[in-house]
């Protein structure tokens, strides 16, 4: 049997080795820490769906990682697919029971700050945030999406999923507006290093936010998000529920995590949910 005739296996792409589960557990699971369980599956439809289905029996800090997702979901039920072991596809279960529920809307933004700061350190790539939950890198002078975040209520807590393109090559990208850490010049595309970096950063920011009873200003989260948000200062179009659109300059992220737009009539209108298009972005392109 020639190598080209050999059946595909987890060793077929040696540039994309499988995750070392015992090493990840040793590095992340510790007494008194946030992360309490970590499992890796070879393939699943969606790690968010899997954790949400078991939410009633989960302990806070459960982490589920998939080497491949076949039915990954982004916001607005958009599909998220990538070759096996080409990225990080994982979900975590958090149960901030002492934090008022009306402040839980900050969790996806918190996760964005944690992912951006963790990856900036572990991958050496300048990351930016697109409100509310996209992770951006710059490739060829253009801002492109390299990751996304999806938070869903489940049981007594929240399941938060992160999808991140790590080693995708140019011919593997799902869209011309997509990118990967590798294409952005990351100093490391070791997925174990990156996963540890993101989860440790998430534990740090979640602890600050929870200790402040979910107060984004008091915890420093609101300031950190604004500092890293590429949406602020730009003219954007918000595609809102009910087929309504709103165009204006993004001027702030308020205390409830809403994007505040300054419209042409001088009014300021907060947007709590919607699809945001950067009309004037880096390089003059739409994002």
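Readers should treat all values here as calculations from the given coordinates under stated rules, not as data from a laboratory. Computed from a predicted model, the values in this text were never measured in an experiment. Don't worry about glycine lacking a Cβ; one is built from the backbone with ideal geometry, like all the others, and counts go over all protein chains shown.
Using a Gaussian network model of the chain in which every pair of alpha carbons under 10 angstrom is joined by a spring, one finds that among 258, 30, 191 the greatest mean-square fluctuation is at 30.
Relative to the dominant Cα principal axis of the chain, helix 107-123 is inclined by about 50°. Using all pairs of distinct alpha-carbon atoms, the Kirkwood hydrodynamic radius of the stretch 15-60 works out to 12.5 angstrom. Its alpha carbons give the stretch 232-284 an Rg and a Dmax of 10.5, 31 Å. Estimated from the Cβ-Cβ distance and a Förster radius of 22 angstrom, the FRET efficiency linking residue 172 and residue 23 is about 0.25.
The angle between the Cα long axis of helix 191-211 and the longest principal axis of the Cα atoms of the chain comes to about 40 degrees, rounded to the nearest 10. Stokes-Einstein diffusion for the chain at 20 °C, viscosity 1.002 mPa s, with a Kirkwood radius from C-alpha pairs, works out to 110 µm²/s.
For residue 156 and residue 81, the difference between the fully extended length at 0.36 nm per residue and the C-alpha to C-alpha distance is 24.1 nm. Compared with the direct C-alpha span, the chain from residue 120 to residue 102 gains 3.5 nm at full extension, assuming 0.36 nm per residue. Of the residues 24, 107, 64, the one that moves most in a GNM of the chain with alpha-carbon contacts below 10 Å is 24. Remark: relative contact order (the chain) = 15 percent; criterion is Cα-Cα distance under 8 angstrom and separation of 6 or more residues. If R0 is 45 Å, the Cβ-Cβ spacing of residue 57 and residue 193 corresponds to a FRET efficiency of close to 0.90. In plain terms, the chain from residue 211 to residue 279 could stretch by 20.7 nm, reckoned as 0.36 nm per residue minus the Cα-Cα distance. For the chain, set up a Gaussian network in which alpha carbons nearer than 10 Å are linked by springs, and say which option among 163, 105, 97 fluctuates the most. Taking springs between Cα atoms under 10 Å, the residue moving most is 97.
Taking 1 over the mean of 1/r across every pair of different Cα atoms in the stretch 170-278, what Kirkwood radius in Å do you get?
Hydrodynamic radius (Kirkwood, Cα only) of the stretch 170-278 equals 16.6 Å.
Under 15 Å from a label point set 7 Å out along the Cα-to-Cβ vector of residue 244, no amide N atom of the stretch 126-145 is found. Using all pairs of distinct alpha-carbon atoms, the Kirkwood hydrodynamic radius of the stretch 115-221 works out to 14.7 angstrom.
In whole percent, what relative contact order does the stretch 177-270 give with Cα contacts below 8 Å and a gap of six or more residues?
Here the relative contact order equals 14 percent.
Between the stretch 162-234 and the stretch 92-150, what is the C-alpha centre distance in whole Å? Computed from Cα coordinates, the inter-centre distance equals 4 Å.
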